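Encoded as C-alpha cells, the structure appears first; notes follow it.
We did not get these values from a lab; they are worked out from the coordinates using the rules stated. Note that the coordinates shown come from a computational prediction; the quantities given were computed from them, not determined experimentally. Counting neighbours? That spans all protein chains shown, and the Cβs are built from the backbone with ideal geometry, glycine included.
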Ligand SMILES: [Zn+2]
Ligand SMILES: [Zn+2]
C-alpha cells in the first residue's frame, strides 16, 4: 500500500517533537565535526519544521525566515542550506525545473528515503514512503555485487486531475478535427 503525502499539516505537539528530534541530530553532528550551533541556524531549521510546504527552494526558505529573523540574508540561507545538506539534516532535491529544493531529513532510520512522484501537468510533487525497490536491490547485489545504501526515485507522470484535464483536451481536439472535415 502506497502512502502518499501531499501536504504537511501537523499538530503543534508533533512539530515540537520533530524540532527536538532534529536538534538532537544537529547536536550529534556538531559533536562529530567542527560545526557550531548558531541561533540563525536554529531559526532556519525551525522554518523547515514549521512549514506546511515539504519541499522548499532557498528563496522560499528566505521568504519565511525574513518574517521572524529579518537580519538573516539570502546568502546566509544558501550557506546554511548547503551546510545542513552536508550534515544530512536536509536533503537537496532536483525536480528538473531548474530550481533546487530542500526538505527535512526527519526519518528515524538512516538510509532509505521516500520517492517523489512529479506531475508533468501541474508540477505538484507527491511522496511515496514505501521502499518498493527491494527487488532492484537484490538484483544489483546478485548481478553486480553492489551493496545499495540509499536510493532516490523520481517518477514522472500525470496526477489524477491532470489526467482528466488531458482527456478533456483530447476530446475537444478530436471534436475540432471532426468539425473541420
Ligand atoms: Zn497534475
Ligand atoms: Zn519529499
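Annotations for the structure displayed:
- Once C-alpha pairs closer than 8 Å and six or more residues apart are averaged by separation and normalised to the residue number of the chain, the relative contact order reads 20 percent.
- To the nearest ten degrees, helix 39-50 and the longest principal axis of the Cα atoms of the chain are 40 degrees apart.
- Using the rule -39500 (n - 2.57) for each DSSP H run of four or more residues, divided by the residues of the chain, the 222 nm mean residue ellipticity is -16000 deg cm²/dmol.
- Efficiency of FRET between residue 170 and residue 52 - r from beta-carbon atoms, R0 35 angstrom, step 0.05: 0.55
- Computed label-point distance, nm, for sites residue 75 and residue 39 using a 7 Å Cα→Cβ extension: 2.1
- Förster-model FRET efficiency, 30 Å R0, residue 133 and residue 10, C-beta, rounded to 0.05: 0.65
- Region 9-72 shape via C-alpha gyration tensor axes, a/c threshold 1.5: oblate
- For the chain, the square roots a ≥ b ≥ c of the C-alpha gyration tensor eigenvalues yield an a/c of 1.5 or more together with a/b not exceeding b/c, which makes the shape oblate.
- Inter-label distance for residue 140 and residue 28, nm, one decimal - labels placed 7 Å from Cα along Cα-to-Cβ: 2.3
- Relative to the longest principal axis of the Cα atoms of the chain, helix 12-32 runs at roughly 60 degrees.
- For region 112-181: rounded, prolate or oblate by the Cα gyration tensor [a/c cutoff 1.5]: prolate
- On Cα atoms only, tilt of 134-144 relative to the major axis of the chain in degrees: 80
- Residue-span extension gain [residue 151 to residue 94] - 0.36 nm each, minus C-alpha spacing: 19.1 nm
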